[in-house]
Amino acid sequence: WLRLPLRRSSDLWVGWILRVELGWSRVDLYVPGSEGFTRVTSGDDLSPDERPLASNLVVFRIPPSEPGVETLYVRMEGDTSRYGSARTTRMSIERGDEFLRETRLINYAQGIYAGIIIAMVSYNLILFFGVGEWTYFFYSIYVLTFGTVWMGRAAFTREYLWPHAPRWDAESGFYLVAVAIFFSVFFVRSFLDTRKWSRSIDVALWTLAGLTAFLGLAGLAAGTRIAAPLLAIDALVTSLFYGIIGIVLLVRGYRPARLFLTAWWVLIATNIVYILAYLEVLPKNAFTYNSAQIGSAFECILLAFALADRVNALKAERQKVQEDYTSRLEFEVQRRTVELNDLNQQLTNASVTDPLTGLKNRRFIDATIEVLTSEVRRAIFKGKHREDILICIADLDRFKRINDTFGHDVGDRMLKSAATVL
């Protein structure tokens, strides 16, 4: 129970809003009136439509009254302690017009963030179903779950996705983070092709995926309050490890690692800013308080560009392989063509040449005599100098007697000798 004495001024036209933070399950506001106290109920157990102001925040409208001191009473039910920390209560009283202005700005910013997430997921899922590349699928699931985590932090999942499931809304962040880490491991493995670059890094990524799955199951078995700190450590180690992997592969000359590395270090840097603001080391303002969500949006966009750059790099690599293969194929075709021409020439020569004597045969005469005599006729007709055509046809008389007397080997040597003489 809290007692809130309020001193009102004379500005009755100003509407005032009481905001209760840190997720109390039930909050009852008791407002004094002429007929006693009026109770108004809100809290995380109520859906946004059931609250006095239809909002994802626990807020109350303070009724106007005359100037002077007025006492309100607040009864809060729930447990806002985390991991052994003390229970705390945070409240603020704001002008109604400023609250509406802030709410519109927050809704606008969250709408932009949700639009970025939906656009990135939809586009990459289309690519996945179009080309069958699993990297797009892993990216889409990671971005969808990781973006939903931040939408839940801003209480928009409770308002738009599961307004009547307060218990799931309280527990969903743990499981969404586990799924996001799990699929981010497979995205990094596929995107950076760690199986090709480093077997030890690939084994380490498999280990992180197994550990994350174990922590998710531990949350189901033992409760998220016990497993959540371990999952937070897992998320921190995994993020830092991704940054180290990007540096290693960038040094090794893997071009897509540039944008990948930029994306992860943007996320890590903005998370550090958010943590420092949460610990009140940095002033809490619109940027520092939402820096992690802003960083996650930039990370999603940069990873999408990195994915496109990776596809272009793979395309260029495949094109180079294809060009090398085409060049080798053309060289092989040329070589085979030369060999085939040589074989054809050898076959042509063999068909017009007597294999024993090396002299031209009848087929050669039939093929060339018309061409040669036509050239001579044209030369005579034009009165040009010409060379005579000499054709020697010889017959060896009684050659059969040599074969019959001395054998065919001697006959063959006889034919070779006669060819030499001719």
Neighbours by Cβ (under 6 Å, 6+ apart or cross-chain): first from segment 191-215, modelled with pLDDT of 90 or more; second buried (at least 18 other Cβ atoms within 10 Å of the Cβ) and among the aliphatic types (A, V, I, L, M):
L205/V185; L208/V185; A209/V185; T212/A178; T212/I181; L215/A227; L215/L231
Anything in segment 249-261 that is surrounded by 17 or more Cβ atoms within 10 Å (Cβ to Cβ) and either part of a helix (DSSP H, G or I) or out of contact with any Phe, Trp or Tyr (no Cβ under 9 Å at 6 or more places or on another chain) (or both)? List them, or say none.
L249, A257, L259, F260, L261
Cβ pairs under 7 Å, 6+ apart, first in segment 130-154 and closer than 14 Å to L176 by Cα and free of Cβ contacts under 8 Å to residues at least 24 places away in the same chain, second open to solvent by less than 30 Å² (accessible area, probe 1.4 Å) and assigned to a helix (DSSP H, G or I)
S140/V121; S140/N124; S140/F128
Consider R158 against the criteria (1) on the phi > 0 side of the Ramachandran plot; (2) touching a Pro at 6+ places or on another chain (Cβ under 8 Å): it satisfies all of them except one. Which criterion is unmet?
(1)
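Sort out which residues of segment 89-103 are assigned to a helix (DSSP H, G or I) and open to solvent by less than 60 Å² (accessible area, probe 1.4 Å), and write them in order of number. Before the answer, list the steps.
Residues of segment 89-103 assigned to a helix (DSSP H, G or I): 96-103.
The answer is G96, F99, T103.
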Return only the number of the condition from (1) touching a Gly at 6+ places or on another chain (Cβ under 9 Å); (2) modelled with pLDDT under 80 that A394 does not satisfy.
(1)
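Restricting to segment 24-37, give me the number of residues that are assigned to a strand (DSSP E or B) and open to solvent by 60 Å² or more (accessible area, probe 1.4 Å). Outline the logic, then answer.
So the first thing to find is which residues in segment 24-37 are assigned to a strand (DSSP E or B), and the list is 26-33, 36-37.
Those left that are additionally open to solvent by 60 Å² or more (accessible area, probe 1.4 Å): 26, 37.
Total meeting the criteria: 2.
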Kindly establish whether A277 is open to solvent by less than 60 Å² (accessible area, probe 1.4 Å), within 29 Å of A304 (Cα to Cα) and in contact with a Leu (Cβ under 6 Å, 6 or more places away or on another chain).
no
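Taking the options F186, F174, name whichever one is out of contact with any Ser or Thr (no Cβ under 6 Å at 6 or more places or on another chain) and either modelled with pLDDT of 80 or more or not aliphatic (A, V, I, L, M) (or both). It would help to see each step written out before you state the result.
On the way: F174 fails: out of contact with any Ser or Thr (no Cβ under 6 Å at 6 or more places or on another chain).
From the options F186, F174, the qualifying one is F186.
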Can you name the residue in segment 186-201 that is open to solvent by less than 20 Å² (accessible area, probe 1.4 Å) and more than 12 Å from the chain's Cα centre (by Cα) and, of all such residues, is farthest from R258 (Cα to Cα)?
S198
Can you pull out the residues in segment 344-365 that are open to solvent by 90 Å² or more (accessible area, probe 1.4 Å) and either over 25 Å from R413 (Cα atoms) or within 60 Å of the chain's Cα centre (by Cα) (or both)?
Q345, Q346, L347
Is it fair to say L340 is among the aliphatic types (A, V, I, L, M), part of a helix (DSSP H, G or I), modelled with pLDDT of 85 or more and open to solvent by less than 90 Å² (accessible area, probe 1.4 Å)?
no
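Looking at V40, V58 in this structure, which one is free of Cβ contacts under 8 Å to residues at least 40 places away in the same chain, within 42 Å of the chain's Cα centre (by Cα) and surrounded by 14 or more Cβ atoms within 10 Å (Cβ to Cβ)?
V58
The values are calculated or read from the model by the stated rules, or taken from the named source; none is laboratory data. Only a predicted model underlies this, so the values are computations on that prediction, with no experimental measurement involved. FYI the Cβ positions are ideal-geometry reconstructions off the backbone, even for glycines, and counts take in every protein chain you see. Each accessible area value is taken on the protein alone, full model and side chains, heavy atoms only, with ligands, DNA and RNA left out. Shrake-Rupley method; radii C 1.70, N 1.55, O 1.52, S 1.80 Å.
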